[in-house]
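*Asks:* Below is a structure I'd like to ask you about.
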2 protein chains.
Amino acid sequence: MSQSPAGLDDDRAREYLRFAGTLADAAKDIVLGHFRANSADLALEDKSDGTRPFDPVTAADRGAEEIMRRMIGETYPDHGILGEEFGNQPAAPGSTPPVTWVIDPIDGTKSFISGVPTWGMLIGINDGSRAVAGIMDQPYTGERFIGGPDGATLNGRPLHTRACGDISQASLYCTDRSMFEDDRQLAAFDAVSSQVSYRRFGLDCYAYCMLAHGLIDLVIEGSLKPFDIQALVPIVRGAGGVITDWKGGPPENGGLAVAAGDPALHQHVLEILNSAA
Amino acid sequence: MSQSPAGLDDDRAREYLRFAGTLADAAKDIVLGHFRANSADLALEDKSDGTRPFDPVTAADRGAEEIMRRMIGETYPDHGILGEEFGNQPAAPGSTPPVTWVIDPIDGTKSFISGVPTWGMLIGINDGSRAVAGIMDQPYTGERFIGGPDGATLNGRPLHTRACGDISQASLYCTDRSMFEDDRQLAAFDAVSSQVSYRRFGLDCYAYCMLAHGLIDLVIEGSLKPFDIQALVPIVRGAGGVITDWKGGPPENGGLAVAAGDPALHQHVLEILNSAA
């Protein structure tokens, strides 16, 4: 792979990925210190103001994002930061390319507060036009998924998606049906779901990493924020998968996403989603 | 705790739990050798004969159950064995109490084949009238949950359920809505689900262990087999939780189950289930 037009060159992407690893290392102790702690220790708040669905925030999220923001600011003061807990700080005007760190300190907070080790720390690197590199770190299981110019790896071992030419043989994951916003979206999801081998809910970022690992064939989701998806895009693509929005466009802005390990399956599923929606 | 009428005394239960640990140790390498392996290595079959839902069986399930059956037969030839893959071998006539080992070598096979570490090896010990002790072993994360006469533990550390007096503060887990058999069961599940703080799918045995850990408040499921639940009953009870069928009766036979960390919440949920069903 080579430099994208006006984008980040591969050596710089590798440098930033190494730095992303130090961010995850620094955040790990904060996050694990709160994992499976008593509810009172978590300083749980409900961001949803009493409306459903419950949207928990924890001291772990905030502490992890704070330390990562501080480290990025010290090392790359011209870079932008987009994080779940503390908003958007744009890259300095004129910086070329305008790099932004896209951070979800704990993707899968409900799994986190339930003690289930399928949440992840997401750190994505965006060069102003696309997500070029990213890390998903699961510190309880000791798993670090990396995607970037050298493909995708899990703890250094290369990952490859698997072929799945027939949708009736495919597995489909989705965090929760409630992430679809209306009946049209649900109908489109169900149109795919009704044709697969099996469909499971509940994984957040972990599903995309298992897709990159060649163990899951499809992930279809909705209502995503940019920080939910940008770190995962290079992991899926680096392993040979395809990830887009439901129209086949760039997935970086969040919203509706569809990932497939097999490019032909991705194309087929796009057609189903768009004829049903 | 003391001996139940005509049941297993505590010292014997402790001895069997230690042996259950050696069974899990022996099965671990077989199972982990197949975890995240290529699909072809798994010798996947579909037990459902083409009908939905997909019911995968793997070489890991069969290999793990075979070695456990052999070890039990050599050490306790009079004991019965009820396993998912190889059926029921009753305890020898006249054995007192008639001990049966109730085994699901991989509970959560779909998670297993998807690479998701929330499956478990379940080994329950039934004394002819109830599940008196059990182990849930998750070898990838290195977690062993034990329940029996000395309460419940995770890797030796005591587990306690948490109080949750108000259902609007409760978390609810269920493996999948498809495990409910008809509209009445679904309506009863939804009647509870609509009142909780949040509801998630997808965990199999792991949800009961997180409930014992005090991190989840409710697990409500259906279509369970005896080997899906018997190892988990002593873990939930040993941590201070309550687990029954939907009528408040013994959960050992499977079918519909409801587990709660807080006994008062369990009673309240039973009332909701039975007024809705």
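Every read-out reported here was derived from the displayed coordinates using simple, explicitly stated rules and does not represent laboratory data. No experiment lies behind these values; they were computed from the predicted model shown. Cβ coordinates were reconstructed from backbone atoms using ideal geometry, including for glycine residues, and neighbour counts include every protein chain displayed.
*Asks:* Taking only C-alpha pairs under 8 Å that are 6+ residues apart, what is the relative contact order of region A:10-158 in percent?
*Replies:* 19 percent.
*Asks:* How are the alpha carbon pair distances in region B:10-158 distributed across 10 Å bins from zero to the largest one, expressed in percent?
*Replies:* Bin by bin from 0 Å, the calculated values are 11, 41, 33, 14, 1.
*Asks:* If you don't mind, there's one more thing I want to ask. When Lys and Arg each count +1 and Asp and Glu each count -1, what net charge do the other residues less than 10 Å away from B:Asp127, Cβ to Cβ, add up to?
*Replies:* Net charge around B:Asp127: +1.
*Asks:* For the rotation taking A to B, I'd like to know which residue in chain A has the C-beta closest to the axis, plus that distance in Å.
*Replies:* A:Gly202, 1
*Asks:* How much mean residue ellipticity at 222 nm does chain B get from its helices, if each DSSP H run of length 4 or more adds -39500 (n - 2.57) and you divide by all residues, to the nearest 500 deg cm²/dmol?
*Replies:* My calculation for chain B gives -10000 deg cm²/dmol from helical runs alone.
*Asks:* How big is the dipole moment of region B:167-276 about its Cα centre under a simple scheme where the beta carbon of each Lys and Arg is +1, that of each Asp and Glu is -1, and everything else is neutral? Debye, nearest 20, please.
*Replies:* The dipole of region B:167-276 has a size of about 180 debye.
*Asks:* Shortest first and in nm to one decimal, what separations exist between A:Pro263 and its copies in the other chains, measuring from label points 7 Å along the Cα-to-beta-carbon line?
*Replies:* A:Pro263 label point versus its equivalents elsewhere: 6.3 nm.
*Asks:* Using +1 on the beta carbon of Lys and Arg, -1 on that of Asp and Glu, and nothing else charged, what's the dipole of chain A about the Cα centre, debye to 20?
*Replies:* The dipole magnitude comes to about 460 debye.
*Asks:* While we're here: Could you give the distance between the Cα centres of region A:71-105 and region A:156-231, to the whole Å?
*Replies:* 29
*Asks:* Can you give me the Kirkwood hydrodynamic radius for region A:96-172, using every pair of distinct Cα atoms, in Å to one decimal?
*Replies:* 14.4
*Asks:* For the peptides B:58-68, A:248-258, A:108-118, what is the packing order when you average, over each peptide's residues, the other Cβ atoms within 10 Å and list the highest mean first?
*Replies:* A:108-118, B:58-68, A:248-258
*Asks:* Can you give the relative contact order of region A:167-276 as a percent, counting alpha carbon pairs under 8 Å and 6+ residues apart?
*Replies:* Relative CO of region A:167-276 lands at 29 percent.
*Asks:* Using only Cα atoms, what is the ratio of the radius of gyration of region B:167-276 to 2.2 N^0.38 Å?
*Replies:* 0.92
*Asks:* Among A:Phe180, A:Trp101, B:Gly108, whose Cα lies farthest out toward the positive end of the dipole of the protein assembly as shown, if unit charges sit on the beta carbon of Lys, Arg (+1) and Asp, Glu (-1)?
*Replies:* Value computed over the given set: A:Trp101.
*Asks:* Hey, rough spin-label estimate for B:His160 and A:Ser178, points 7 angstrom out along Cα→Cβ, what's it come to in nanometres?
*Replies:* Each label point is offset 7 Å from its Cα along the Cβ direction, giving 3.0 nm.
*Asks:* Distances from B:Ala191 to the same residue in each other copy, label points 7 Å out along Cα→Cβ, in nm, shortest first?
*Replies:* Label point to label point, same position, other copies: 3.6 nm.
*Asks:* What area, in nm² and to one decimal, does the C-alpha convex hull of chain A cast on average over all directions?
*Replies:* Averaged projected hull area, Cα only: 14.0 nm².
*Asks:* On the first, second and third principal axes, largest extent first, how far apart are the outermost C-alpha atoms of the protein assembly as shown in Å?
*Replies:* 85, 47, 42
*Asks:* Relative to the Cα centre, what is the charge dipole magnitude of region B:127-223, using +1 at the beta carbon of each Lys and Arg, -1 at the beta carbon of each Asp and Glu, and rounding to the nearest 20 debye?
*Replies:* Taking the Cα centre of region B:127-223 as origin, the dipole is about 300 debye.
*Asks:* Among A:Val31, A:Ile67, A:Ala92, whose Cα sits farthest toward the positive end of the charge dipole of region A:10-158 (+1 at Cβ of Lys/Arg, -1 at Cβ of Asp/Glu, about the Cα centre)?
*Replies:* A:Val31
*Asks:* Let me ask something else. Mean separation of Cα pairs under 8 Å and 6+ residues apart, divided by the residue count of chain B: what relative contact order is that in percent?
*Replies:* So the answer I get is 16 percent.
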